[in-house]
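See structure below.
The values are calculated or read from the model by the stated rules, or taken from the named source; none is laboratory data. The model shown is predicted, which means the values in this text are computed figures rather than measured ones. Neighbour counts are summed over all protein chains in view; Cβ atoms, including those assigned to glycine, are modelled from backbone coordinates with ideal geometry.
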């Protein structure tokens, strides 16, 4: 397609209003998007527990029984009647007759009464009558014929070394709440209570495509003036981390009619659509034109943030479209601030936005801007203090420092830059704190 053809296809290239964008503050833009997010309460499925890792619970789960379900020994030792040891306060050794040996998984048929004891393993069920367990190391043993005796020289308190029924959870208590992401700890708890199937939120399907005739597939050889389509693959990884399922589509050339058709098809098929590229004010940046003049409702097309001020959001038929910058740094930040919270809200998760910390700035940051800057950085601990080190290369079009970042350092315009040692707000990136 030659230059003239490209200009004609982009019917809004001469539209003077493309330069008149009303900028929203980031919190206002986030709140506006949130109003159009479908919680997806009917988007659930039931999975075997072993397939639920990483998924989000769709319902509260309550304990079907107390845990522990029986009085459990906390030590290898002897189950005893604690009042028998009261004589030990005067220095006397109390001898108790051993009448049973109780390994884990075995329930004793004997009741412990005064003068008797039972050998017991850690985790085994304490026999009736016994109200304490004395550690093996605190006893001495002797044998008379076929009878075994233990000697105790110290007073043992009632309930010593016995885990009571329901110490961790009572029957009917909520084990895990709706909206919680399942991990190894959650799976352990659910398995303990015999919960072998769980109802989880269905993963939202997120369609992704890039725009631009300059894009190459990552398998293609480099060509003059071309770049490989890395943003699509970065977004796919971010979408998986957020809890959704990415669907990567072919890149779209700079043709507004093709873009309109592809976007409408994607909005019919997927729960969310994310594009990268085509949102600035250049003649061939078509997503902004499509969103503003198409059949969809534009929510915003400018945000007071750097990078990514041209981040755009729209809605059509209750489906959200996010048009992110084609610059990798801006695309990365735009996803974290707007798309990731949308996915997490759809899944019913409690914490939908990035976690905030206040830390010390590790080095000076001197760049000044009229918009709030979200600076890529890494967190370090120095002399017991958490500090944030800004990336040396943080331009919108720089991608290499994304891999080294663990936070976004928030520099509002009123700071006029920031100096080392100054307290700043940071947004923790996913996985920053393990």
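Once region 350-362 is narrowed to residues that are in contact with a strand residue (DSSP E or B) (Cβ under 6 Å, 6 or more places away or on another chain) and part of a loop (DSSP other than H, G, I, E, B), the residue that is nearest to residue 321 (Cα to Cα) is 354. Here region 387-417 is the region considered, the condition is being at pLDDT 90 or above and more than 23 Å from residue 340 (Cβ to Cβ), and the residue that is surrounded by the fewest Cβ atoms within 10 Å (Cβ to Cβ) is 413. For region 176-183, the criterion of being surrounded by 12 or more Cβ atoms within 10 Å (Cβ to Cβ), part of a strand (DSSP E or B) and within 18 Å of the chain's Cα centre (by Cα) is met by at least one residue. Return yes when residue 259 is modelled with pLDDT of 75 or more, surrounded by 22 or more Cβ atoms within 10 Å (Cβ to Cβ) and out of contact with any helix residue (DSSP H, G or I) (no Cβ under 9 Å at 6 or more places or on another chain) and no when it is not. No: the conditions fail for residue 259. Looking only at residues of region 388-419 that are over 24 Å from the mean Cα position of the chain (by Cα) and touching a residue at least 60 places away in the same chain (Cβ under 8 Å), we find that the one that is farthest from residue 327 (Cα to Cα) is 394.
Put simply, of 376, 344 the only residue that is closer than 16 Å to residue 426 by Cβ and either assigned to a helix (DSSP H, G or I) or touching a helix residue (DSSP H, G or I) at 6+ places or on another chain (Cβ under 9 Å) (or both) is 376. Restricting attention to region 317-358 and to residues that are more than 17 Å from the chain's Cα centre (by Cα) and surrounded by fewer than 19 Cβ atoms within 10 Å (Cβ to Cβ), the residue that is farthest from residue 418 (Cα to Cα) turns out to be 317. Considering only region 58-67, I want to know if a residue exists there that is closer than 12 Å to residue 202 by Cβ, under 24 Å from the mean Cα position of the chain (by Cα) and not assigned by TED's automatic domain parsing to the domain that holds residue 316. The answer is yes; a qualifying residue exists. With respect to residue 158, is the statement that it is exposed (fewer than 12 other Cβ atoms within 10 Å of the Cβ), assigned by TED's automatic domain parsing to the domain that holds residue 96 and not in a loop (DSSP other than H, G, I, E, B) true? In short, no.
Exactly one residue out of 137, 144, 148, 111 is modelled with pLDDT of 95 or more and exposed (fewer than 15 other Cβ atoms within 10 Å of the Cβ): that is 111.
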